[in-house]
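The block underneath contains the structure these notes are about, expressed in structure tokens.
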Amino acid sequence: MRMKFLAGVAAALALAAGAVAQTAPGSAVDALVHRYVAEDKVPGIVVALGKGDAPTHYFADGRIAADASAPKADENSLWRVYSMTKPLTGMAAMILVEQGKLKLDQPISDFIPAFKTMRVMDDPNGGVATTHPATHPITVRNLLTHTAGLGYDLGQTDAPKGSLLDQYRTLGINPAQVSPSFEGPMRTLRPPTLEAFANKVASLPLMADPGTKWSYSIGLDVMGRVIEVASGMPFDKFLQTRIFDPLGMKSTFFTVPPSEAGRLATNYFYAGDTRVPVDTGKGSQWLTPPSFPYGGAGLVMSARDYDRFLHMLQNHGSLDGVRVMKPETVALAMSNLLPAGADTSLLGGLTHVDGLLGFGAGGSVYLQDAPSGQGKGTYGWGGAAGTIAWVDPVRNLRGVVMVNFMPSEHWPLRDDLNKAFAADALR
């Protein structure tokens, strides 16, 4: 998983007002879905678009694997959403904020004592030996917005010996899974529990003082431990009882039951122009419980389930008569929560939308209407295997794109979708 995997996410978080109503069969979105399968760019794809409380439009073509006998892709197919897990973890934290069990600017050392005294690398690009005391404690806000000073192992190949990323790898601080062959050596290094993982993270210095710089990170994984301590229940159980069950999300898993393996898409990796199956559905790593539930990249979900999560956010915290969050909590969670004055140059570089984005609870937030059509307040994020999710609460619009291929920039899917959305809006 390379740092580029989210490049262009923000450019795809766009639907002009009324575009969903135009995305019927024969629309540009519909044509794009069929073209990507016909040209064998992907074995299968599902796009879900919703407006208000009208029925969700699902556009699907192809199969969940390249095999001719594989099931057809549809709204109930299962996909690895990777970093699209982060918004769910973010909203779980905000539920605890609503309950008064967390405060945004509360030090996380109140829940994980190992973070009480942190140090910061003198040179963020150098070694971990030379450090100074952190000027501020890491807060809940910092974890939610990637401003805690933590890093991320996204498969970079240029980590010098003794660097923070090198130490992450040495200590197994990689809260993600890819395939059985990848997981074998990682499982021997990775801490076996969420508590052990968080404590191990706290043993290393930070890249920057908390609150000063946006840097994509394992912050939402550490947040999983904060959530389970603050709530008094395991992190995955909290998600299940407070979000998944109330919303009827029956196709959302950290571990896919064997009975559901037939719905799980194969994930592919492109080596040049060669497409290689890296994790098959029936032989998937997700059929085996992870070391611990990864709040930053651990979930497998259907398009229908992710749409229900977004629909709840779009409806200000409730769906089908069930309230999950208060309207004011949802508004706060999807607002710009970045600490004042934080350097966001890395966020602009990662998303190619410099200066237009803030960050909320686990996802990016548009600070103003963009020339390309993105509405102010649009909240969302994407995943390492090509998935995209967004919700525009002002225009009552939401969208989900499900595919599974890596690296996600191999095909310009996000740019192509953006053009299709714009074309449909003009119809």
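The values are calculated or read from the model by the stated rules, or taken from the named source; none is laboratory data. Just so you know, these numbers come straight off a predicted model, no measurement behind them. Positions of Cβ are generated from backbone atoms using ideal geometry, with glycine treated the same way; all protein chains shown enter the neighbour counts.
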Residue that is farthest from ASP74 (Cα to Cα) [pool: residues in the range 245-268 that are outside any loop (DSSP other than H, G, I, E, B) and touching a helix residue (DSSP H, G or I) at 6+ places or on another chain (Cβ under 8 Å)]: PRO258
Which listed residue is of a type outside the set (D, E, K, R), in a loop (DSSP other than H, G, I, E, B) and not assigned by TED's automatic domain parsing to the domain that holds LEU319, from SER181, SER217: SER217
Output for the range 37-67, where each listed residue is buried (at least 22 other Cβ atoms within 10 Å of the Cβ) and more than 18 Å from ALA389 (Cα to Cα): VAL42, PRO43, GLY62, ILE64, ALA65
Single residue of the range 154-178 satisfying the filter (part of a loop (DSSP other than H, G, I, E, B), surrounded by 19 or more Cβ atoms within 10 Å (Cβ to Cβ) and without any contact (Cβ under 8 Å) to a residue 40 or more places away in the chain) that is farthest from the chain's Cα centre (by Cα): GLY172
The one condition in (1) hydroxyl-bearing (Ser, Thr, Tyr); (2) crowded, with 21+ Cβ neighbours inside 10 Å; (3) more than 20 Å from the chain's Cα centre (by Cα) that SER302 fails to fulfil: (3)
Every residue from the range 34-54 that is out of contact with any strand residue (DSSP E or B) (no Cβ under 6 Å at 6 or more places or on another chain) and in a helix (DSSP H, G or I): ARG35, ALA38
Verdict on GLY90 being without any contact (Cβ under 8 Å) to a residue 40 or more places away in the chain, buried (at least 20 other Cβ atoms within 10 Å of the Cβ) and in contact with a Gly (Cβ under 8 Å, 6 or more places away or on another chain): no
Counted residues, the range 55-76 - those being in contact (Cβ under 8 Å) with a residue 24 or more places away in the chain, of a type in the set (A, V, I, L, M, F, W, C) and part of a loop (DSSP other than H, G, I, E, B): 5
Flag for ILE95 being within 23 Å of the chain's Cα centre (by Cα) and crowded, with 19+ Cβ neighbours inside 10 Å: yes
